[in-house]
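Trainee: Got a structure for you, written out below as structure tokens; questions coming shortly.
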């Protein structure tokens, strides 16, 4: 399955400048895009412009609580996944946060371990997947759902085979870069005795018929790539 987190935009809200800079660098490394705000008002303005997919916010902000910000942004995007980070485990804040609907993907306590933060973001991304809203644009007229392996093109839905899904996942992960044939043979086929150059070529041809003839580029002696860089798409409810 594709790395969904690498397709998403994260809005990070933290009043402390040093913590904001340090954590933003981490978020930018593990997501497609990360933007930062110092308070709720700035976060709301950035949300209107960038429409991020996930909110990561400190609980204590200069102008409101993190769960209040989550509630305000969910007036615009009702299913927005959020990760809340508190300085201490205050029961009142935790209870208020857990009462918002839907509940936060995670409630973390500072100092935040970056592995724990990444796990929380992955859970937030999985929430989007389970909602059936997280898709990837893989060609000018085709959207791919990584959850069930379906392809939406020209108003029609097509199912991909297991090998077609693995091939497309591998191409998406490279974000428009070339993928060598040897890498694809390993990624697509479980049994090395089944893997073959001819089989991979036929598989690419079948996937092209579903994506569009121009969707996959070939470079002889190198491999394959998606013609356009895959783009995350969050479908409206």
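Trainee: When you scan segment 112-132, do you find a residue that is over 22 Å from residue 7 (Cα atoms), in contact (Cβ under 8 Å) with a residue 12 or more places away in the chain and in contact with a strand residue (DSSP E or B) (Cβ under 8 Å, 6 or more places away or on another chain), even just one?
Mentor: For segment 112-132, residues over 22 Å from residue 7 (Cα atoms), in contact (Cβ under 8 Å) with a residue 12 or more places away in the chain and in contact with a strand residue (DSSP E or B) (Cβ under 8 Å, 6 or more places away or on another chain): present.
Trainee: Quick check, is residue 166 over 30 Å from residue 18 (Cα atoms), without any contact (Cβ under 8 Å) to a residue 40 or more places away in the chain and buried (at least 18 other Cβ atoms within 10 Å of the Cβ)?
Mentor: Details: over 30 Å from residue 18 (Cα atoms): yes; without any contact (Cβ under 8 Å) to a residue 40 or more places away in the chain: yes; buried (at least 18 other Cβ atoms within 10 Å of the Cβ): yes.
It is true that residue 166 is over 30 Å from residue 18 (Cα atoms), without any contact (Cβ under 8 Å) to a residue 40 or more places away in the chain and buried (at least 18 other Cβ atoms within 10 Å of the Cβ).
Trainee: Now for a different question. For residue 176, indicate whether it is closer than 26 Å to residue 125 by Cα, without any contact (Cβ under 8 Å) to a residue 60 or more places away in the chain and assigned by TED's automatic domain parsing to the domain that holds residue 157.
Mentor: Details: closer than 26 Å to residue 125 by Cα: yes; without any contact (Cβ under 8 Å) to a residue 60 or more places away in the chain: yes; assigned by TED's automatic domain parsing to the domain that holds residue 157: yes.
Yes, satisfied.
Trainee: Also: Just the residues that are farther than 18 Å from residue 86 by Cβ and either surrounded by 17 or more Cβ atoms within 10 Å (Cβ to Cβ) or in contact (Cβ under 8 Å) with a residue 12 or more places away in the chain (or both), please, taken from segment 49-59. Lay out the reasoning, then the answer.
Mentor: Of all residues in segment 49-59, those farther than 18 Å from residue 86 by Cβ come to 49-53.
50, 51, 52, 53, listed by residue number.
Trainee: Out of segment 6-39, which residues are within 18 Å of residue 76 (Cβ to Cβ) and surrounded by 23 or more Cβ atoms within 10 Å (Cβ to Cβ)?
Mentor: Passing the criteria: 8, 10, 11, 12, 13.
The values are calculated or read from the model by the stated rules, or taken from the named source; none is laboratory data. Predicted model only: the values in this text are computed from it and were never measured. A quick note on method: Cβ atoms are made from the backbone with ideal geometry, for glycine too, and the neighbour counts reach across all protein chains shown.
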